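> Pasting in a structure now, in structure tokens, and then I'll have a few things to ask.
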Amino acid sequence: MAIAIGESLRIDEGVHLRTFRQVEGGVRGHTEETWTGDRVEADVPTAAEALGQGLETWLRDLKATAEAGSGGRPH
């Protein structure tokens, strides 16, 4: 569970579930998140956009880290 406060969004409770499994040729990652809070519930589209942007950043950083550890070659 997490609590986060940003400039325009307060998340009173959040659950982040990330799972990884080996597949042919690499690893498949899956992420699920839920957020609650008065501001989240008052403006769901903005909250969903913020969540999407955060996930994209996290995935981009994860990919860069994984590729750096493999000499830049995709797994």
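> Normalised radius of gyration for region 24-73, please: alpha carbon Rg relative to 2.2 N^0.38 Å, two decimal places.
So the Cα radius of gyration is 1.54 times the expected 2.2 N^0.38 Å.
> For Thr36 and Glu67 in one chain, what is 0.36 nm times their gap in residues minus the Cα-Cα distance, to one decimal in nm? Could you put the intermediate results ahead of the total?
Values: separation 31, 0.36 × 31 = 11.16 nm, distance 3.39 nm.
Full-extension gain reported as 7.8 nm.
> Pop the C-beta distance of Val23 and Trp58 into the FRET formula with R0 = 35 Å and round what comes out to the nearest 0.05.
0.95
Readers should treat all values here as calculations from the given coordinates under stated rules, not as data from a laboratory. It should be emphasised that the depicted structure is a prediction, and the values quoted were computed from it without experimental measurement. Cβ: placed from backbone, ideal geometry, glycine included. Neighbour counts: every protein chain shown.
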